[in-house]
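The values are calculated or read from the model by the stated rules, or taken from the named source; none is laboratory data. No experiment lies behind these values; they were computed from the predicted model shown. Every residue, glycine among them, receives a Cβ derived from its backbone with ideal geometry; neighbour counts consider all protein chains shown. When the accessible area is computed, the model is the full protein with side chains, heavy atoms only, and any ligands, DNA or RNA have been set aside. Shrake-Rupley method; radii C 1.70, N 1.55, O 1.52, S 1.80 Å.
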Amino acid sequence: MSDPSSRMRARIPQADPRIFELFDGWLAARGDHPVADRAAFDPVTISRMLAFVWIYRMAPDRSDYICELAGEEVNAVWGNSIKGRTLTEIVGPEHRATLADRWARARSEPAILYSATENLPDPHFVHRVERLVLPMRSRDGEVDSVLGTSLYDRRTDRIASGVDTSVAMPAAVLRIPVAEL
């Protein structure tokens with residue numbers, strides 16, 4: 001039987017190779033557990049990816065996710081730093097509901113999510129985005145966070161002028177149960 005990294009590559013052969021750099025770093029932090037331990041995750045293993053990486057943690061007291069880390073490319077697309085902001089503040093209430101449902105399932109099942117969306121409508125600053133979302137455990141063992149990457153193909157003929165929350169969410173999201181790895 002093949003290793004989890006090979007099985008993942010077989011599931012999404014069209015993915016940007018950088019997706020697998022993040023996945024392999026997550027696998028290294030996973031050890032013998034179904035989900036990676038956030039404290040064991042070593043950013044050095046994904047040093048080339050850091051600009052595209054983000055981490056959100058569910059804050060039960062706010063019933064929302066809080067962005068705890070966002071790389072430079074992620075912040076550039078949103079027009080400023082999103083660290084410390086809620087998911088609702090970043091994407092708006094409509095998209096927050098969709099993402100929160102997906103991330104809750106990724107955390108509870110646990111599962112990995114992959115999507116790629118192309119030809120985002122004008123006036124969006126991004127032409128294409130490819131994402132990988134991975135569940136993470138806290139020190140107490142609760143799966144309360146998601147680690148992800150957003151690989152953007154930005155439109156060079158536009159300037160980021162704020163968040164356009166009216167763009168469509170990717171309808172096709174591949175869900176890969178961790179148990180299948």
Exercise. Could you please let me know if Phe52 is under 19 Å from Ala116 (Cβ atoms), open to solvent by 10 Å² or more (accessible area, probe 1.4 Å), under 16 Å from the mean Cα position of the chain (by Cα) and not charged (D, E, K, R)?
Key: yes
Quiz item: Does the range 25-32 contain at least one residue that is assigned to a strand (DSSP E or B), under 15 Å from Ser145 (Cα atoms) and among the small types (Gly, Ala, Ser)?
Solution: no
Practice problem: Please state which of the following conditions Gly84 fails to meet, knowing it meets all the rest: (1) open to solvent by 70 Å² or more (accessible area, probe 1.4 Å); (2) more than 21 Å from Val178 (Cβ to Cβ). | Solution: (1)
Quiz prompt | Selected residue (only one of Ala116, Ala111 is modelled with pLDDT of 95 or more and either surrounded by fewer than 14 Cβ atoms within 10 Å (Cβ to Cβ) or of a type in the set (Gly, Ala, Ser) (or both)) | solution = Ala111
